[in-house]
Ligand code: SF4
Ligand code: SF4
């Protein structure tokens, strides 16, 4: 969630994945996250407060989804947050739930043949 990979700026105008999934993590990761931002799920798993409910919204998410957002604990966010990448299935699912069009990642192959084309005309 709120990924830092390519086109990170896009996430700053989205935030949908931070208000769609239950964001759980192994207890060790929780040591870096403020205690009052966490909800314990099992003896070894916790989740971000606000995400374990019917209409999830992570307590650390600031701003308005689809407008402008930021994560107030970005540097210590859990691996669950880091796993979601712009343009992946989870991203598309979350964005679609908020009526936002999917983001498509276009990766150009880094070989020269890709650019070796004939010009027409
Ligand atoms: S849903 Fe996708 S674009 Fe939106 S914040 Fe999450 S990773 Fe970024
Ligand atoms: S901790 Fe930050 S990145 Fe993770 S779900 Fe919450 S707002 Fe999003």
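What is the extension gain from residue 41 to residue 12, computed as 0.36 nm multiplied by their sequence separation minus the C-alpha to C-alpha distance, in nm to one decimal? Write down the numbers at each step before the final one.
Details: separation 29, 0.36 × 29 = 10.44 nm, distance 2.86 nm.
Residue separation times 0.36 nm, minus the Cα-Cα distance, leaves 7.6 nm.
Restricting the calculation to Cα positions, tell me the Rg (one decimal) and the Dmax (whole number) of the range 8-115 in Å.
Cα only, the range 8-115: 15.6, 54 Å (Rg, Dmax).
Would you mind putting 48-55, 17-24 in packing order, based on average other-beta-carbon counts within 10 Å, highest first?
17-24, 48-55
Determine the gain in length on full extension of the stretch residue 98-residue 28; use 0.36 nm per residue of separation and subtract their C-alpha separation, reporting nm with one decimal. Provide the component values of the computation, followed by the final result.
Numbers: separation 70, 0.36 × 70 = 25.20 nm, distance 3.18 nm.
Taking residue 98 through residue 28 to full extension adds about 22.0 nm, to one decimal.
Could you check the spin-label model distance between residue 89 and residue 74? Points 7 Å from the Cα along Cα→Cβ, value in nm.
About 2.9 nm, to one decimal.
Just want to confirm a number: the relative contact order over the range 8-115, from Cα pairs under 8 angstrom separated by 6+ residues, in percent.
Numbers: 155 pairs, mean separation 32.1, N = 108.
Answer for the range 8-115 is 30 percent.
Where a number appears in this text, it was derived from the coordinates with a stated rule and is not lab data. Just so you know, these numbers come straight off a predicted model, no measurement behind them. Positions of Cβ are backbone-derived with ideal geometry, glycine not excepted, and every protein chain shown enters the neighbour counts.
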